[in-house]
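Heads up, the thing below is written out as structure tokens.
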Amino acid sequence: MAKAVAAANLDSAERLYEAAGDAVGLGQVLYRRANLSTLTDELPAARRLYRKALERMGGAAPARDRVGAL
């Protein structure tokens with residue numbers, strides 16, 4: 001249940017960042033999705049999402065998010 005709520009909230013955030021054209025925000029959503037996948041033991045999906053998050057955020061994202069995605 002909690003995972004579904006988190007996923008719905010991330011979907012909403014993704015739509016908002018997409019509408020704003022905010023690549024860093026979209027990368028941060030991917031990073032949070034990766035965290036959720038890690039917590040639910042979906043490690044291959046988490047690894048893929050962390051890579052995508054790094055690509056999307058680039059060097060403009062906060063250092064804590066870039067380091068966390070490594």
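The values are calculated or read from the model by the stated rules, or taken from the named source; none is laboratory data. Since this is a predicted model, take the numbers as computed values, not measurements. Cβ sites come from the backbone with ideal geometry, for glycine too, and all protein chains shown count toward neighbours. In case anyone asks, the SASA skips ligands and DNA or RNA and just uses the protein heavy atoms, side chains included. Shrake-Rupley method; radii C 1.70, N 1.55, O 1.52, S 1.80 Å.
Calculate what fraction, in whole %, of the accessible area of the chain sits on carbon and sulfur atoms when a 1.4 Å probe is rolled over the protein chains.
Using a 1.4 Å probe with all protein chains present, the chain comes out at 58 percent carbon and sulfur.
Would you indicate which of (1) 51, 34, 23; (2) 32, 26, 17; (3) 54, 17, 14 is the value of Cα extents along the principal axes in Å derived from the coordinates of this structure?
Recomputing Cα extents along the principal axes in Å here gives the entry labelled (2).
Give the accessible surface of the chain per residue, rounded to a whole number of Å², with probe radius 1.4 Å and ligands, DNA and RNA excluded.
Ligands and nucleic acids excluded, the result is 64 Å² per residue.
Counting alpha carbon pairs within less than 8 Å and at least 6 residues apart, what relative contact order, in whole percent, applies to the chain? Display every interim value, and only then the final one.
Values: 68 pairs, mean separation 20.7, N = 70.
Once divided by the residue count of the chain, the mean separation gives 30 percent.
How large is the helix-only mean residue ellipticity at 222 nm for the chain, computed as the sum of -39500 (n - 2.57) over DSSP H runs with n ≥ 4, divided by its residue count, in deg cm²/dmol to the nearest 500?
On the way: 4 runs with 58 residues, N = 70.
Result for the chain, helices only: -27000 deg cm²/dmol.
Arrange the peptides 42-48, 16-22 so that the one whose residues have, on average, the most other Cβ atoms within 10 Å appears first. It would help to have the intermediate numbers written out before the result.
Numbers: 42-48: 13.6, 16-22: 12.0.
Ranking, from highest mean packing down: 42-48, 16-22.
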